[in-house]
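Working notes for the structure below.
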Amino acid sequence: MLVVRNLRSGYGSIAVLKAVSLHVGRGEIVVIIGPNGAGKSTLLMSVTGLVAPFEGEVEFEGRDITAVPAEKRVGLGCVLVPEGRRVFATLSVRENLELGAYHVRRNGLGREVRHDLERIFALFPILRKRERQMGGTLSGGEQQMLAIGRALMARPALLMMDEPSMGLAPVVTASIFKTVLTLREQGLSILLVEQNARRALSVADRGYVIETGQMVLEGTREELLNNNDVQRAYLGKDYSAINE
Amino acid sequence: MTGIVTIFQYIISGLAQGSIYAVVAIGFNIIYNSTGIINFAQGEFVVLGAMVSITFSAIFPLWAAIAMGIAVASLYGALVEIVFVKYARAFSPLRAICLASIVFILVSASGLFSFLHPVLSILFGLAVALPFGAGGEFLLLRFQKEQNVLQLIIITIGVSILTRETMKHVWGKDVFALRYFTGTAITTISVGGVYISPQLLWVLGTVTLVVAGLYLFYKYTLVGKAMRAVSLDRKAAQLCGINARLLVTLSFILSAAIGALAGAVTSPQTSTDYKMGSSFAINGFTVAILGGLGNSFAAALAGLLLGVLESFTTAIVPSSYKEVVVIIIMLLILFFKPSGLFGKREERTLKEF
Ligand SMILES: Nc1ncnc2c1ncn2[C@@H]1O[C@H](COP(=O)(O)OP(=O)(O)OP(=O)(O)O)[C@@H](O)[C@H]1O
Ligand SMILES: [Mg+2]
């Protein structure tokens, strides 16, 4: 589905990622965990094309998309729910969702958008209630659902999510993670960046640990959950608990 | 009775003048919303549209001539965006030329070398301007890491000057006017003792249509909504698959087209010459600020308001002080209500910078 090879990326003269590689298989849920400033968001933005990599390759469904402009990648099915949600604050919930389907409508599939919209409303019933409200007036959790809904309207094959649980109450976080599992059952591949490592690993098939722009660890869910460094740094266990 | 009629007469002529300010301000807003730039070449779009319409109206029916004026101005708008905004950001010689043209105009306006033969004075002007342009560009590059809005605004001022000088060579310094759409200069309709030129109805009708059309465009069309999305959060819009670059070019085209249309409908009454653009730009900018940057409906109201104010001002003080009044109004507004007469504070803070 997605293969990233030796990606070096950053902003102007600031190098953030140093030769990062990863892959996501079809139907997989892969998580990336790491401390603040490690470069997780930079990595996802580089995959979307909004940050231009210095070096390396991004391959999507067998095709090299390193040179494909960001907006075209959405049409290919590679879609990001950005960090901080970034819903269009003065556009209505419905307009936000319609814009998610921008390329679908541009490609003359406008009739199917209504159907997709119904699917999103079934997934997040609260959005139907808020349909006419401005995006900026929603609560944090509702905005996260809107951001996910907007991304789904683009009909992704790979859905990337950057810290979807940021600033949300545990109940809301739980429901977002439940959605992630539902989406995978519907056939989506998911690449998830999370601070909430325990939660993220609980839904993941595999995971990566990124620190200061480098992948320091990779493994299956069990491998990561049982890894001493991961337990200490990301799962909040102290030395004595690990050494027992 | 006559007192009231006179007042109405002032209001009417104010509305005529205010209409063009309104449309120029709307043009400012369209581009500001999608890029954050104040495009000071907006006035030249208006003049270019009018000039081309006037030229073609000699051979073609009026509507066809105006359509051509709009088409030419739209193409020019696209060209300006693609060459100067898209590439000049990356290509510093173009920016240097823009800066140099600003200095050149200042030098020639100051008449520093006017005692010399015209050709020599131009050469001396260039000799002063080019190093300034290059030097200014060097400083901009040196001290500004990021491409920023100030740089782009300087570019649009340069484009405005280059356009104006080019139009001077094509059409000369004469004053032209498009023929009246209905009747002639002396045709009037009397409404309760107030005399109205049918052209004014054309102008007001056009402004109304433009405002209503834009409202519908931004509210109901997919591209219009996408343009709003780009102005709110460009990156998020790109993440929706929206080609933000293309829509920015489109906003220049739209803004030039609307400006050209306004230039054509007002030309019969206000006449057109190559250098009118700068006063349109100043007044249009005042109006955009007056209404609250970014709000086209408010810009339309503010434009008409400023037109009427100006019209009364000329009744009281000599018309050469008109500009002073305009600037005082603008400063007062900036001082007391920085978000504009109709501006909402929240909307401003939602903007990225
Ligand atoms: N637009 C930018 N310009 C310059 N530097 C940036 C920019 N965005 C991020 N950085 C820098 O890149 C580094 C990595 O940032 P990034 O946002 O990718 O980290 P992150 O792992 O997502 O962190 P967090 O968990 O806090 O979201 C940081 O040092 C940050 O300061
Ligand atoms: Mg981040």
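Give the residues of the stretch A:17-40 that are open to solvent by 30 Å² or more (accessible area, probe 1.4 Å) and within 16 Å of ligand 2 (Cβ to nearest atom), sorted by residue number.
Answer for the stretch A:17-40, where residues must be open to solvent by 30 Å² or more (accessible area, probe 1.4 Å) and within 16 Å of ligand 2 (Cβ to nearest atom): A:PRO35, A:ASN36, A:GLY37.
When only residues in the stretch B:23-40 that are at pLDDT 90 or above and among the small types (Gly, Ala, Ser) count, which is nearest to B:LEU247 (Cα to Cα)?
It comes out as B:GLY27.
Can you tell me which residue in the stretch A:179-196 is farthest from the other protein chains (Cβ to nearest Cβ), limited to those that are within 16 Å of ligand 1 (Cβ to nearest atom) and either within 12 Å of the chain's Cα centre (by Cα) or buried (at least 23 other Cβ atoms within 10 Å of the Cβ) (or both)? Write out each step before concluding.
In the first step, residues of the stretch A:179-196 are kept if they are within 16 Å of ligand 1 (Cβ to nearest atom); the result is A:191-196.
The next check asks that each one be either within 12 Å of the chain's Cα centre (by Cα) or buried (at least 23 other Cβ atoms within 10 Å of the Cβ) (or both); those that pass are A:191-194.
Values: A:LEU191: 14, A:LEU192: 16, A:VAL193: 15, A:GLU194: 19 Å.
Step by step, filter the stretch A:179-196, then rank; the result is A:GLU194.
When the stretch A:164-178 is examined, which residues are found to be open to solvent by 10 Å² or more (accessible area, probe 1.4 Å), under 18 Å from A:GLY84 (Cα atoms) and not hydrophobic (A, V, I, L, M, F, W, C)?
A:SER165, A:GLY167, A:PRO170, A:SER175
Just checking, how many residues over the stretch A:134-156 are more than 12 Å from the chain's Cα centre (by Cα) and either within 15 Å of ligand 2 (Cβ to nearest atom) or under 22 Å from A:GLY110 (Cα atoms) (or both)? Walk me through it before giving the result.
From the stretch A:134-156, those more than 12 Å from the chain's Cα centre (by Cα) are A:134-143, A:145-146, A:149-150, A:153-155; that's our starting set.
Right, trim to either within 15 Å of ligand 2 (Cβ to nearest atom) or under 22 Å from A:GLY110 (Cα atoms) (or both) and you get A:146, A:149-150, A:153-155.
So the count comes out to 6.
Can you tell which of A:ARG128, A:ARG155 is under 24 Å from A:HIS23 (Cα atoms) and open to solvent by 20 Å² or more (accessible area, probe 1.4 Å)? Let's see the steps before the verdict.
Details: A:ARG128 fails: under 24 Å from A:HIS23 (Cα atoms).
None of the others qualify; the one that does is A:ARG155.
Among residues belonging to the stretch B:177-188 that are of a type outside the set (Phe, Trp, Tyr) and in contact (Cβ under 8 Å) with a residue 12 or more places away in the chain, point out the one that is surrounded by the most Cβ atoms within 10 Å (Cβ to Cβ). If you could, list the steps in order and put the result at the bottom.
Going residue by residue through the stretch B:177-188, those that are of a type outside the set (Phe, Trp, Tyr) are B:177-179, B:182-188.
Those left that are additionally in contact (Cβ under 8 Å) with a residue 12 or more places away in the chain: B:177-179, B:182-183, B:185.
Working: B:ALA177: 16, B:LEU178: 26, B:ARG179: 14, B:THR182: 12, B:GLY183: 13, B:ALA185: 12.
This residue is B:LEU178.
In the stretch A:46-57, is there at least one residue being in a helix (DSSP H, G or I) and at the interface with chain B (Cβ under 10 Å from one of its Cβ atoms)? Talk me through it step by step, then tell me what you get.
Going through the stretch A:46-57, the residues in a helix (DSSP H, G or I) turn out to be A:46-48.
Now narrow it down to the ones that are at the interface with chain B (Cβ under 10 Å from one of its Cβ atoms): A:48.
Scanning the stretch A:46-57 turns up at least one residue that is in a helix (DSSP H, G or I) and at the interface with chain B (Cβ under 10 Å from one of its Cβ atoms).
Going by the conditions given, is B:THR272 under 30 Å from B:THR182 (Cβ atoms) and of a type in the set (S, T, N, Q)? Give the derivation first.
Numbers: under 30 Å from B:THR182 (Cβ atoms): yes; of a type in the set (S, T, N, Q): yes.
In short, yes.
Across the stretch A:202-211, what is the number of residues that are under 14 Å from A:LYS178 (Cα atoms) and either surrounded by 23 or more Cβ atoms within 10 Å (Cβ to Cβ) or within 14 Å of ligand 2 (Cβ to nearest atom) (or both)?
Selection size over the stretch A:202-211: 1.
In the set A:THR66, A:THR48, which member is more than 9 Å from ligand 1 (Cβ to nearest atom), more than 30 Å from A:ARG199 (Cα to Cα) and under 19 Å from the mean Cα position of the chain (by Cα)?
On the way: A:THR48 fails: more than 30 Å from A:ARG199 (Cα to Cα).
It is A:THR66.
Among the numbered criteria (1) closer than 28 Å to B:SER319 by Cβ; (2) in a helix (DSSP H, G or I), which single criterion is violated by B:PHE56?
(1)
Which one is surrounded by the fewest Cβ atoms within 10 Å (Cβ to Cβ) among residues in the stretch A:58-73 that are away from chain B (no Cβ under 11 Å) and touching a helix residue (DSSP H, G or I) at 6+ places or on another chain (Cβ under 9 Å)?
Step by step, filter the stretch A:58-73, then rank; the result is A:ARG63.
Please tell me if B:SER19 is open to solvent by less than 10 Å² (accessible area, probe 1.4 Å), polar (S, T, N, Q) and modelled with pLDDT under 90.
Working: open to solvent by less than 10 Å² (accessible area, probe 1.4 Å): yes; polar (S, T, N, Q): yes; modelled with pLDDT under 90: yes.
Criteria met by B:SER19.
Kindly list the number of the only condition in (1) out of contact with any strand residue (DSSP E or B) (no Cβ under 8 Å at 6 or more places or on another chain); (2) modelled with pLDDT under 90; (3) over 22 Å from A:GLY140 (Cα atoms); (4) open to solvent by 30 Å² or more (accessible area, probe 1.4 Å) that fails for A:GLN231.
Only one criterion is unmet by A:GLN231, namely (4).
From the set of residues in the stretch B:250-300 that are of a type in the set (Phe, Trp, Tyr) and open to solvent by 10 Å² or more (accessible area, probe 1.4 Å), which is nearest to the chain's Cα centre (by Cα)? Lay out the reasoning, then the answer.
Taking the stretch B:250-300 first, the residues of a type in the set (Phe, Trp, Tyr) are B:252, B:274, B:280, B:285, B:297.
Narrowing the set further to residues that are open to solvent by 10 Å² or more (accessible area, probe 1.4 Å) leaves B:274, B:280, B:285, B:297.
Working: B:TYR274: 14, B:PHE280: 6, B:PHE285: 8, B:PHE297: 16 Å.
Top of the filtered list is B:PHE280.
Take A:GLY236 and tell me if it is away from ligand 2 (no atom under 16 Å from the Cβ) and modelled with pLDDT under 85. Outline the logic, then answer.
On the way: away from ligand 2 (no atom under 16 Å from the Cβ): yes; modelled with pLDDT under 85: yes.
Against the criterion (away from ligand 2 (no atom under 16 Å from the Cβ) and modelled with pLDDT under 85), A:GLY236 qualifies.
Evaluate the stretch A:145-158: report whether one residue or more is over 12 Å from A:VAL79 (Cβ atoms) and within 16 Å of ligand 1 (Cβ to nearest atom). Full working, then the answer.
Filtering the stretch A:145-158 down to residues over 12 Å from A:VAL79 (Cβ atoms) leaves A:145-146.
Now drop any that are not within 16 Å of ligand 1 (Cβ to nearest atom), which leaves none.
No - not one qualifying residue is present in the stretch A:145-158.
Which of the residues spanning the stretch A:75-124 are within 7 Å of chain B (Cβ to nearest Cβ) and of a type in the set (A, V, I, L, M, F, W, C)?
Within the stretch A:75-124, A:LEU80, A:PHE88, A:ALA89, A:LEU91, A:LEU99 meet the criteria.
Test B:LEU200 against the criterion of being closer than 30 Å to A:GLY136 by Cα and out of contact with any Gly (no Cβ under 7 Å at 6 or more places or on another chain), and give yes or no. Show your work before the answer.
Details: closer than 30 Å to A:GLY136 by Cα: no; out of contact with any Gly (no Cβ under 7 Å at 6 or more places or on another chain): yes.
Criteria not met by B:LEU200.
Any idea which of A:SER175, A:SER165 is closer than 29 Å to A:HIS23 by Cα, within 16 Å of ligand 1 (Cβ to nearest atom) and without any contact (Cβ under 8 Å) to a residue 40 or more places away in the chain? Walk me through how you get there before you give the answer.
On the way: A:SER175 fails: within 16 Å of ligand 1 (Cβ to nearest atom).
That would be A:SER165, the only listed residue that is closer than 29 Å to A:HIS23 by Cα, within 16 Å of ligand 1 (Cβ to nearest atom) and without any contact (Cβ under 8 Å) to a residue 40 or more places away in the chain.
Out of the helices (runs of 4 or more DSSP H) lying entirely within the stretch B:232-311, which hold 2 or more residues that are touching a helix residue (DSSP H, G or I) at 6+ places or on another chain (Cβ under 7 Å), away from every other protein chain (no Cβ under 14 Å) and of a type outside the set (A, V, I, L, M, F, W, C)? Even if it seems obvious, please write down each step before you answer.
On the way: elements: B:234-239, B:244-270, B:277-291.
Once the helices (runs of 4 or more DSSP H) in the stretch B:232-311 are filtered for at least 2 residues that are touching a helix residue (DSSP H, G or I) at 6+ places or on another chain (Cβ under 7 Å), away from every other protein chain (no Cβ under 14 Å) and of a type outside the set (A, V, I, L, M, F, W, C), what remains is B:244-270, B:277-291.
If I ask for residues that are touching a residue at least 12 places away in the same chain (Cβ under 8 Å) and either within 18 Å of A:ARG221 (Cα to Cα) or open to solvent by 70 Å² or more (accessible area, probe 1.4 Å) (or both), which ones from the stretch A:1-16 would you list?
Selection gives A:ARG5, A:ASN6, A:ARG8, A:TYR11.
The values are calculated or read from the model by the stated rules, or taken from the named source; none is laboratory data. Bear in mind that the values here come from a model prediction, so they are computed numbers and not experimental data. Cβ atoms come from the backbone with ideal geometry, glycine included; neighbour counts cover every protein chain shown. These area figures cover heavy atoms from the full protein model, side chains too; ligands, DNA and RNA do not enter into them. Shrake-Rupley method; radii C 1.70, N 1.55, O 1.52, S 1.80 Å.
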